[in-house]
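First the structure, in the form of structure tokens, and then the observations on it.
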Amino acid sequence: MTFAWTQHRFSGGALALDVANSVILRFDAKRRIDRYADPVALDGFAAAANRFSAEKHLFGTLEPVTPENHAAFLDLREATDRHFRATVLGASTGDGLADLLDAASVIIRRHKASTAPLDGAPLDAATARSALMLAASGEPERLKICPNCQWLFLDRSRNRSRTWCDMTVCGNRAKASRHYQRQKKELTA
């Protein structure tokens, strides 16, 4: 199966959420797809984030995660998903936040002596910073879960009424499904 990191894959509104959303159908064990299971896709994520991430202006040019940091990066991804998903569902705990902070600190410590240029950052370090900024934002009501794909996203609309992670994909799918159900109901009536 061919896969490309398209703009839709960056509809979370924060780099940390886009990373968390790299697991497709997260809660469906039979159909779950971890996009980072493919090393080529994992390496390609940084380049795509440089083009599509809502936070691309914050971190400079992102560089791929080095192989020795893959496990810590995946731990951060899972802690990010657990903490922010629990926040949206009103089930946030101190343990979830502590896990997120621990995962972020592992990555930050690895990169503190980094000689990375000032105009860029390794993807894992930028993701840790994004997660920490999101945790400290003080606007948890802006975090939402898409009712179609279950991705996490930030609602940056003025009146906080955004429903879908991406209207052109998930919103249209939901509208098409409702239309199909109405048509089917009319035919059987």
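We did not get these values from a lab; they are worked out from the coordinates using the rules stated. Everything quoted here is computed from the prediction, not taken from an experiment. In this analysis, Cβ positions are derived from the backbone assuming ideal geometry, glycine residues included, and neighbour counts consider all displayed protein chains.
For the chain, the longest principal axis of the C-alpha atoms and the axis of helix 94-111 are separated by about 50°.
Based on DSSP H segments of at least four residues, each scored -39500 (n - 2.57), the chain has a per-residue ellipticity at 222 nm of -15500 deg cm²/dmol. Of the labelled figures [x] 1.22; [y] 1.09; [z] 1.01, only one reflects Cα Rg over 2.2 N^0.38 Å as derived from the coordinates, namely [y]. Inter-label distance, ALA41 to MET133: 2.6 nm, where each label sits 7 Å from its Cα along the C-beta direction. Compute the long axis of helix 123-135 from its Cα atoms, compare it with the longest principal axis of the Cα atoms of the chain, and write down the angle in degrees, 0 to 90, nearest 10. Here the helix axis deviates by roughly 70 degrees.
The slack in the chain from GLU141 to LYS112, taken as 0.36 nm per residue of separation less the alpha-carbon distance, amounts to 7.2 nm. Against the chain, whose longest principal axis is taken from its Cα atoms, helix 172-188 shows a tilt of about 20°.
Run the count for the chain, please: Lys pairs, Cα-Cα under 24 angstrom, 8 or more apart or on different chains.
Counting lysine pairs in the chain gives 5.
When both bridge partners sit in the chain, DSSP labels roughly 60% of those beta bridges antiparallel.
Given points 7 Å out from each Cα along the Cα-Cβ axis, report the ASP95 to THR66 separation in nanometres with one decimal. The modelled label-to-label distance comes out at 3.4 nm.
Packing-based ranking of 146-155, 101-110 yields 146-155, 101-110, ordered from highest to lowest mean Cβ neighbour count within 10 Å.
Summary of packing: across the peptides 77-90, 20-33, the per-residue average of other C-beta atoms within 10 Å ranks them, highest first, as 77-90, 20-33.
Extending 7 Å from the Cα toward the beta-carbon at both ARG51 and VAL88 defines two label points whose distance is 2.5 nm.
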